[in-house]
Every structure is written in C-alpha cells, then in structure tokens.
Amino acid sequence: MKRLITAVILPFFCLALAVSSAVYTDRTLTKSINEIERMEDENEFELSRAQNLFGEWKKDKKLLAILLKHEDVDEIEMNLNDIVYAAKTQSDDYKDVLDKARGFLTGVRDGEKLSFQSIF
C-alpha cells in the first residue's frame with residue numbers, strides 16, 4: 001500500500017514543482033522585461049534605474065541559476081551589465097542595448113514556458 005501511495009504522490013509532487021518553477025521563471029523574467037520596456041518608452045537613461053534593474057537581477061539570479069541554462073544566465077547578466085554601462089557613459093546606443101536585452105529575455109522566457117512540445 002505504501003508503494004501505491006508513493007507512486008501516486010510522487011508524480012503529482014514533480015508536476016507541482018515543475019509548474020511552480022515555470023511560473024517563477026516567467027514572472028521574474030517578465031518583471032525585468034517590463035522594466036526595460038518602461039525605460040525604452042520613457043527614454044529614461046538614469047543610472048539609478050539601470051542599477052536597480054541589475055540589483056534585482058542579482059537577487060533573482062540565485063534561484064534562476066538552478067532553473068535556467070548557465071549560458072542563458074550569463075548572457076542575461078552581460079546584457080543587464082551592458083545597460084548599466086550604457087547608462088553610466090550616456091552612450092548613443094543605449095536604445096540598442098535595451099532592445100537587445102529585452103529580446104534575449106523574451107526569448108528565454110518564451111523558451112521556458114510549459115507546453116506539450118517542451119515536455120515530450
């Protein structure tokens with residue numbers, strides 16, 4: 001009887017864990033994407049906003065490093081660091097840097113969404 005209970009509970013536990021990690025990843029990346037879009041729309045080149053975005057990423061990175069591929073985590077961090085650098089130097093390509101970071105974050109977020117194709 002214990003084996004039957006374990007056989008029933010374990011798949012549900014794994015499914016709940018997978019769904020919760022997908023939801024966390026989606027919410028975290030969407031939060032960063034929305035902040036980048038606000039920076040683009042408002043033409044805000046403030047260093048403090050860029051540093052806040054990078055600081056939030058540093059906090060979120062701890063768990064996302066477990067959930068995402070290492071290459072994606074490194075690329076996201078480099079893109080967000082580029083935003084801080086472009087804001088610090090008041091670079092002319094600030095919009096391009098924001099667009100590149102937003103595009104990459106959107107690609108990672110969409111690639112991590114649960115779908116029948118991604119499961120099987």
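The values are calculated or read from the model by the stated rules, or taken from the named source; none is laboratory data. In this text, all values refer to a predicted model and were calculated from it rather than measured experimentally. Note that each Cβ is placed from the backbone with ideal geometry, even for glycine, and that neighbours are counted across all protein chains shown. Side chains included, ligands, DNA and RNA excluded: accessible areas come from the protein's heavy atoms. Shrake-Rupley method; radii C 1.70, N 1.55, O 1.52, S 1.80 Å.
Viscosity 1.306 mPa s, temperature 10 °C: Stokes-Einstein D of the chain from its Kirkwood Cα radius, in µm² per second? Stokes-Einstein gives a translational diffusion coefficient of 100 µm²/s. Cut-off 11 Å, label point 7 angstrom out along Cα-to-Cβ of LYS88: give me the residues of region 43-67 whose amide nitrogen falls inside. What the label zone holds, given the 11 Å backbone N cut-off, is 51. On full extension, the segment bounded by LYS58 and GLU77 gains 6.0 nm, given 0.36 nm per residue less the C-alpha separation. Accessible area per residue was computed with a 1.4 Å probe on protein heavy atoms; MET39 scores about 0 Å². Heavy atoms of the protein chains alone define the surface here; on that basis the chain has 67 Å² accessible area per residue at 1.4 Å probe size. Here each label is just a point 7 Å from Cα along the line to Cβ, and for HIS70 and ILE5 those points are 4.0 nm apart. Normalised by the number of residues in the chain, what is the relative contact order in percent for Cα pairs under 8 Å and 6+ residues apart? Here the relative contact order equals 36 percent. Taking the Cα centre of region 13-120 as reference, the dipole from Cβ charges on Lys and Arg (+1) and Asp and Glu (-1) amounts to some 560 debye. For the chain, lysine pairs separated by 8 or more sequence positions, or belonging to different chains, with Cα-Cα distances below 23 Å total 28. For region 1-101, the share of accessible area belonging to carbon and sulfur comes to 59 percent (1.4 Å probe, ligands and nucleic acids excluded). Seen against the Cα atoms of the chain and their longest principal axis, helix 2-41 is set at about 10 degrees. Between the listed residues THR106, ILE9, GLY55, the Cα displaced farthest toward the positive end of the dipole of the chain, a dipole computed from Cβ unit charges relative to the Cα centre, is found at ILE9.
Remark: region 77-117 carries a charge dipole of roughly 140 debye about the Cα centre, counting +1 on each Lys and Arg Cβ and -1 on each Asp and Glu Cβ.
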